[in-house]
Amino acid sequence: MSGFLVIGATGNVGRHVVARLRDGGGDVRALARRPAAGALPDGVHAVQGDLADPRTLDAALDGVTKVFLLWPFLSAEAAPAVVDALARNARHVVYLSAMSVRDDLKPEENGFWGEIEHLIERSALDWTFLRVGGLAANTLGWADQIRTEGVVRWPYGAAARSLIHERDVAAVAARALLDDGHAGAKYVLTGPEAVTQADQVRLIGEAIGRPVRWEELPPERAREQLLASWGDAAFVDGALGYWATLADRPEPVTHTVEQVTGVPARTFGEWAREHARDFSPA
Ligand SMILES: NC(=O)c1ccc[n+]([C@@H]2O[C@H](COP(=O)([O-])OP(=O)(O)OC[C@H]3O[C@@H](n4cnc5c(N)ncnc54)[C@H](OP(=O)(O)O)[C@@H]3O)[C@@H](O)[C@H]2O)c1
């Protein structure tokens, strides 16, 4: 049985990847910047490492053949050294990329997700790319407003997104890591339907048993908030520009989750019910 290393193992997606690999009988390690007791499921070993310091990775990768990789930065600056370390040690990487990556564009036109795909493709590694649309977990960014005021102030309420449940991304990742036959695949992963942002907010309200109101925020105000949290103006403007298009042209829906796992992707309503506590007053 392969040794697996899960990078991002404490995050929304990675924690479910870890659980599925462990249930699949794998020898699972979790990369952690600060390994903490009790943070991981039984049977999963934490290994210290930091993607920002690629020299830390060789020890974490000793004995590992397959890796789940996500990239927690908005720049690919450290990625060449990280991909080199993966290629020196492992055989296959399953990389959490983005639906925005297009094969007809040059790598440098595809943002950091595309640059990292390109580095992996040019390495000796086998790879599977999970090109994910928006994660449903992005809406946790509204949780404070919902808890305290019962309102979401955000732009583009009519923008329809096919947000995906983190468990469905993890389910595909686990199949790609546990089974043969996924090398070279570029899976475009979405939820089962496109739901407007205003309807997402309504569904969160239904899940918590309290109405939640949508209040349209001018995009310039959202830009200020996003700049404060993301810092990268080009990335912020790219995101806002993309969301603006989704009112007229809803995000596409794929059925790849079901094709790979045999189970349909979960709806946004299911995601909201599962996360109701995150949006409810303490
Ligand atoms: N949000 C979207 O709509 C979307 C769309 C497409 C792709 N993606 C990709 O999905 C990823 C987010 O997934 P997620 O929501 O599961 O992540 P998340 O919940 O934000 O968690 C991030 C994980 O990365 C780890 N991490 C952060 N910095 C690290 C470092 N320097 N070295 C090693 N590990 C580090 C964190 O570990 P600790 O903090 O515990 O160390 C944590 O486990 C992003 O990287 C993005 O590229 C997102």
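The values are calculated or read from the model by the stated rules, or taken from the named source; none is laboratory data. Keep in mind that what you see is a predicted model, and the values were worked out from it rather than measured. Here the Cβ is made from the backbone with ideal geometry for all residues, glycine too, and neighbour counts use every protein chain on show. Keep in mind that these areas ignore ligands, DNA and RNA; they rest on the heavy atoms of the full protein, side chains included. Shrake-Rupley method; radii C 1.70, N 1.55, O 1.52, S 1.80 Å.
So here's what we get for this one:
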quantity: Normalised contact order of region 94-221, rounded percent, pairs of Cα under 8 Å and 6 or more residues apart; calculated: 30
quantity: Label-reachable residues, region 189-213, where backbone N falls under 13 Å from a point 7 Å from VAL151's Cα toward its Cβ; calculated: 212-213
quantity: Accessible surface of the chain, 1.4 Å probe, proportion on carbon and sulfur as whole %; calculated: 49
quantity: Alpha carbon convex hull of region 22-171, projected area averaged over orientations, nm²; calculated: 11.4
quantity: Spin-label model distance (nm) - ASP232 vs ARG210, 7 Å beyond Cα toward Cβ; calculated: 3.5
quantity: TYR95, TYR242, ranked by accessible area, largest first (probe 1.4 Å); calculated: TYR242, TYR95
quantity: Simple label model, 7 Å out from Cα along Cβ direction - ALA143 to ALA39, nm; calculated: 1.7
quantity: Prolate/oblate/rounded call for region 1-102, Cα gyration tensor, a/c under 1.5 rounded; calculated: rounded
quantity: Region 214-282 shape via C-alpha gyration tensor axes, a/c threshold 1.5; calculated: oblate
quantity: Of VAL195, VAL236, VAL169, the one that fluctuates the most in a GNM where the chain has Cα springs shorter than 10 Å; calculated: VAL236
quantity: Over 15 Å [Cα-Cα, region 188-246], rounded percent; calculated: 63
quantity: Long-range amide H partners of ALA30 with built H, under 5 Å; calculated: VAL6, HIS45, ALA46, VAL47
quantity: Cα convex hull of the chain, projected area averaged across orientations, nm²; calculated: 14.7
quantity: Gaussian network model of the chain, springs between alpha carbon atoms under 10 Å - residue of VAL263, VAL253, VAL94 with greatest fluctuation; calculated: VAL263
quantity: Accessible solvent surface per residue of region 1-142, calculated while the other protein chains remain in place, 1.4 angstrom probe, Å²; calculated: 45
quantity: Relative contact order (%) - criterion: Cα under 8 Å, at least six apart; region: the chain; calculated: 18
quantity: Estimated inter-spin distance, ASP180 and LEU240, nm [label 7 Å along Cα→Cβ]; calculated: 5.1
quantity: Most fluctuating residue given options SER97, SER123, SER162, as computed from a GNM of the chain linking Cα atoms under 10 Å; calculated: SER123
quantity: Zone residues, region 12-34, relative to ALA52, backbone N less than 14 Å from point 7 Å out along Cα-to-Cβ; calculated: 33-34
